[in-house]
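**Q** Structure incoming, see below.
Every read-out reported here was derived from the displayed coordinates using simple, explicitly stated rules and does not represent laboratory data. For clarity, every value in this text was computed on a predicted model and none was experimentally measured. Neighbour counts are summed over all protein chains in view; Cβ atoms, including those assigned to glycine, are modelled from backbone coordinates with ideal geometry.
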Amino acid sequence: MTERATLGVAVIGTGRMGADHVRRLHEVTSGARVVAVADVDAERAKAVAARVDGCTAHTDPAAALAAADVDAVLIASPGPAHEATLLAAFERDLPVLCEKPLTPDAASALRVLEAELRLGHRRVQVGFMRRYDPEYAKLKALLATGQLGRPLMLHNRHRNVASPPFFTSSMLISDSVAHEADVTRWLLGHEITAVTVLRPAPSANAPDGLRDPQFVVFETDGGALSDVEIFVNCGFGYQVQAEVVCERGTARIGDGHALVTNMAGRWGGTIAQDWTERFETAYDRQIQTWVDATRRGEVTGPSVWDGYAAAAVCEAGVRALEDGGRVEVELVERPAPYA
Ligand SMILES: NC(=O)c1ccc[n+]([C@@H]2O[C@H](COP(=O)([O-])OP(=O)(O)OC[C@H]3O[C@@H](n4cnc5c(N)ncnc54)[C@H](O)[C@@H]3O)[C@@H](O)[C@H]2O)c1
Ligand SMILES: O[C@H]1[C@H](O)[C@@H](O)[C@H](O)[C@@H](O)[C@H]1O
């Protein structure tokens, strides 16, 4: 297959992630250029477009998709806005990299899945960037060798310094634990069948009314358990850790021990303060992989099925949070193109 010339990308949503992805596409990624951006905030779109020669600014995502030289779309608007842009991209048969979550609930994710099936070919890579993180990739490769034996349990910790003002108790699941829903499915190769959410007394440092932290337990169809401590106002750093316990051993990532110092009677290191720092390499690799595959005319990486499955798991998790108890995950049968 002949490779496409430089990929013209439209970036939808120029907030924190969108602006960072524009910078990445412009300065780090090879084989792509940003040709259009859209944001409902016109000033923000203009300010980000001004950083790239020849990039046009729009307030309507559909206008950005229709702009000259657009070959592909990167969606970085908030989750509830993803469905409309995905469907608009499908109308133009454009390849898409869609930030997580694919959509915020299972019904809308299923509509996207059905629309992609109608196209007759995969078009979307979902932005579950942890799959491109060197530490997670090593863990996945180790599990694939079988040396450790069958995975029995996965322990995850997911801590943010502070939550943004709009964050709700259910977003700890649908926006944050969405990553662990994907990581559990991907690392173990199992589907998640049920979710339980336990709620310790909220931290005094959490905004009033926010159930933070939460303790989530996933059951899988391979008989494993995966637990997640989600704590989005821990105050001290951005920490994402995972330990797999298998029949013949354990493996753990995310301790952040790249640099250990000894000084003034103490030893230690530093802790990342946000995801842009902790997952910088993962975002770089994710986007380069997407650009390379798209230029070859291929779609790789986390699929719409993965986005839908994570959305269904999170929806069950939100119900478990609200009602207490254990909630089973309901998935439609996996369509053949996503096998
Ligand atoms: N992969 C990760 O680690 C990671 C990290 C942070 C955020 N995210 C995801 O990235 C996406 C964006 O998050 P963010 O932190 O950049 O949010 P943000 O609020 O900083 O930016 C979102 C931008 O989208 C704009 N917007 C809102 N509705 C829009 C619409 N209909 N069309 C076009 N633009 C619209 C807003 O004006 C804003 O500028 C979300 O899906 C979020 O879950 C992923
Ligand atoms: O949208 C963000 C993002 O996905 C981060 O990776 C996660 O740590 C945050 O909890 C979430 O709110």
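**Q** Near the amide H of Asp212, under 5 Å away, which other amide H atoms are found, from residues 5 or more places off or on another chain, if H is placed in the peptide plane?
**A** Ser203
**Q** Hey, another quick one. How many percent of Cα pairs in segment 1-135 exceed 27 Å?
**A** Everything past 27 Å amounts to 16 percent.
**Q** Related question: In segment 205-254, what chymotrypsin sites (Phe, Trp or Tyr not before Pro) fall in a loop by DSSP, with at most 10 other Cβ atoms inside 10 Å?
**A** Phe236
**Q** For segment 195-339, what's the radius of gyration and Dmax over Cα atoms, in angstrom?
**A** Cα radius of gyration and Dmax of segment 195-339 are 19.2, 60 Å respectively.
**Q** Then there's this: Can you compute 3J(HN,Hα) from phi for each residue in segment 264-270, using the Karplus curve 6.51 cos²θ - 1.76 cosθ + 1.60 with θ = phi - 60°, rounded to whole Hz and x for Gly and Pro?
**A** After applying 6.51 cos²θ - 1.76 cosθ + 1.60, I find 6, x, 9, 10, x, x, 10 Hz.
**Q** Give the span of segment 72-163's Cα atoms along each principal axis, as three whole-Å numbers ordered largest to smallest.
**A** For segment 72-163, the Cα spread along each principal axis is 46, 37, 24 Å.
**Q** Something else about it: Just tell me, in residue order, which DSSP H segments of the chain are both 18 angstrom or longer along the helix axis (alpha-carbon based) and at least -0.5 in mean Kyte-Doolittle hydropathy.
**A** 106-119, 304-323
**Q** Let me ask something else. For q values of 0.15 Å⁻¹, compute log₁₀ I(q)/I(0) with the Debye formula on a Cα-only model of the chain, without solvent.
**A** Those come out to -1.34, one per q.
**Q** Right, here's the next one. Just how many % of Cα pairs in segment 75-230 lie over 25 Å apart, if you round to the nearest whole percent?
**A** Counting every Cα pair in segment 75-230, those more than 25 Å apart make up 40 percent.
**Q** Quick one: which residues, 5+ away or cross-chain, put their amide H under 5 Å from the amide H of Ile271? H built at 1.01 Å from N.
**A** Excluding prolines and chain starts, which carry no amide H, there are no hits.
**Q** Counting other C-beta atoms within 10 Å, which of Asp175, Asp71 has the fewest, and how do the rest follow?
**A** Details: Asp175 22, Asp71 18.
Ranking Asp175, Asp71 by Cβ neighbours within 10 Å, fewest first, gives Asp71, Asp175.
**Q** Okay, next question. When all C-alpha to C-alpha distances in segment 94-148 are sorted into bins of 5 Å, what percent of pairs does each bin hold, rounded to whole numbers?
**A** 4, 16, 18, 18, 13, 13, 13, 4, 1
**Q** Further, regarding this structure: Given Cβ point charges of +1 (Lys, Arg) and -1 (Asp, Glu) and nothing else, what value in debye, to the nearest 20, does the dipole of segment 175-285 about its Cα centre take? Display every interim value, and only then the final one.
**A** Details: 8 positive and 17 negative charges, 72 e Å.
That gives segment 175-285 a dipole magnitude of about 340 debye.
**Q** Of Val126, Val37, Val318, how do they rank once you tally other Cβ atoms within 10 Å and put the fewest first?
**A** Numbers: Val126 28, Val37 33, Val318 22.
By the 10 Å Cβ count, ascending, the order reads Val318, Val126, Val37.
**Q** In a Debye calculation with equal point scatterers on the alpha-carbon sites of segment 270-339 and no solvent, what is log10 I(q)/I(0) at q = 0.13 Å⁻¹?
**A** Results for segment 270-339 at q = 0.13 Å⁻¹ read -0.65.
**Q** I would also like to ask the following. For each of His26, His158, count neighbouring Cβ atoms within 10 Å of the residue's Cβ, then give the residues from fewest to most.
**A** In increasing order of surrounding Cβ atoms, one gets His26, His158.
**Q** How big is segment 135-218 on each of its three principal axes, counting only the C-alpha atoms and giving the largest first in Å?
**A** That works out to 47, 25, 18 Å along the principal axes.
**Q** While we're on this one: If every alpha-carbon in segment 152-281 counts as one equal scatterer, what log10 I(q)/I(0) does Debye give at q = 0.11, 0.12, 0.20 1/Å?
**A** -0.43, -0.51, -1.19
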